[in-house]
Amino acid sequence: MVQQLVWTPKQSAPKAFPERQALMPVWGGVPMPRPQWQNIWKKKLPHATDVDALAYLHIPFCANHCVFCGFYRNAWKDSQSSVYTDKIIEEMATEAEVRTGEGKIRAVYFGGGTPTALLTEDLVRLIRACYQYLPLAEDCEFTIEGRMSHFDLEKAQACIEAGANRISIGVQTFNTAIRRRLGRKHSGDEAFEYLAKLCELDAVIVADLMFGLPNQTDDVWQNDIARAAELPLSGLDTYAFNLYPMLPINRMIEKGAFPTPPGFD
Ligand code: SF4
């Protein structure tokens, strides 16, 4: 986490489709010497919560790297779950001791990576630690971002019982052929059925869809929206595919394994 705070962008444009490039702040930077980490971290600690705020907990692991994704950082291993969870809880406890001010945390967001890759007991511990160490508002929105791999209904239910009240699932597309090419293991129908069951739980359920993916014609996109609309979701987030530099999909497009994605227009 400290490393990400101190990297500065220095990267080359993608060859495949330069007008679709965007930059990720964690790429191509220069790491700070280790002895400086603690000083920089202490300067960034939220000593005061004078106004209401949001809390974001980053879980930088994924079971596999979806080829379009610029957020992927580390391959998931079960052995990392309790170690990483312990570290975050330790950090929250330290921050709670030095925090001043009357501001409340109005929303908590577990993002990544794939927060739902954490083992159930660790997700539950982390949610409870937020209630213990963060000054949460009474009506705090508490979101767990995830994907259906490693997040069965029992795990989702455990998160809700621990205090999460909103679950956001990255579906991207219901088109099975595109999903598989992008590194998603489940079919579009499996994703649909999964979301239908998740919507029966007592939480706000939202899903993400992407547009502008290679091979995603207007018809495919229209079908994605239509299928999502059949579900009793509380919300749907749509966002554009960005051809970030250094993504695996860039190399695949350059080698002709994927067509060039459509332009933003
Ligand atoms: S899309 Fe989500 S699950 Fe896939 S690599 Fe990116 S962060 Fe991980």
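The H on the amide N of Arg184, modeled in the peptide plane, is under 5 Å from the matching H of no residue at least 5 residues off or on a different chain.
The string of couplings for segment 174-180 from the Karplus curve (6.51, -1.76, 1.60, θ = phi - 60°) is 8, 6, 4, 4, 5, 4, 5 Hz, one whole number per residue in order, with x for Gly and Pro. DSSP beta bridges confined to the chain are antiparallel in about 0 percent of cases. Among the listed pairs Lys87/Lys197; Lys42/Lys77; Lys77/Lys185; Lys77/Lys155, those with a Cα-Cα distance over 26 Å are Lys87/Lys197; Lys42/Lys77. Each residue of segment 130-147 is assigned a 3J(HN,Hα), and the resulting list reads 4, 5, 7, 10, 9, x, 6, 5, 4, 9, 4, 7, 10, 9, 10, 8, x, 9 Hz, derived from the Karplus form 6.51 cos²θ - 1.76 cosθ + 1.60 (θ = phi - 60°), x at Gly and Pro. Evaluating 6.51 cos²θ - 1.76 cosθ + 1.60 at θ = phi - 60° for every residue in segment 166-172, the Karplus couplings come out as 8, 10, 10, 10, x, 8, 6 Hz, glycine and proline recorded as x. Which one, Ala203, Thr176, Val220, is farthest towards the positive end of the dipole of segment 164-224 when Lys and Arg carry +1 and Asp and Glu -1 on their Cβ? In segment 164-224, that residue is Thr176.
In this label model, His65 and Val98 are separated by 3.4 nm, measuring between points 7 Å along each Cα→Cβ vector. Within the straight-line cut-off of under 19 Å between alpha carbons, the aspartates and glutamates reachable from Lys255 are Glu19, sequence neighbours fewer than 8 places apart in one chain being disregarded.
Using only DSSP helix segments of four residues or longer, with each worth -39500 (n - 2.57), what per-residue ellipticity at 222 nm results for the chain after dividing by its residue count and rounding to 500? Estimated from H runs of four or more residues: -10500 deg cm²/dmol. Using 0.36 nm per residue and subtracting the Cα-Cα separation, the extra length available between Ser82 and Ala226 on full extension is 47.9 nm. Note on Arg184, Arg227, Arg251: ascending count of other Cβ atoms within 10 Å places them as Arg251, Arg227, Arg184, the fewest first. By other beta-carbon atoms within 10 Å, ranking Ser79, Ser187 with the fewest at the front produces Ser79, Ser187. Distances between placed amide hydrogens fall under 5 Å for Thr238 paired with Leu209, all partners being 5 or more residues away or on another chain. The stretch between Glu200 and Ser187, if pulled fully straight at 0.36 nm per residue, gains 2.6 nm over its current Cα-Cα span. Using only the alpha carbons of the chain, what is the convex hull's orientation-averaged projected area in square nanometres? The orientation-averaged projected area of the Cα hull of the chain comes to 15.0 nm².
Amide H contacts for Ile105 (H built 1.01 Å from N in the peptide plane; partners 5 or more residues away or on another chain; cut-off under 5 Å): Ala53, Leu136, Ala137. Each of Val206, Val30 has some number of other Cβ atoms within 10 Å of its Cβ, and from fewest to most they run Val30, Val206.
Values quoted throughout were computed directly from the atomic coordinates according to the rules given, and no laboratory measurement underlies them. Model, not experiment: these values are computed from the prediction. Positions of Cβ are generated from backbone atoms using ideal geometry, with glycine treated the same way; all protein chains shown enter the neighbour counts.
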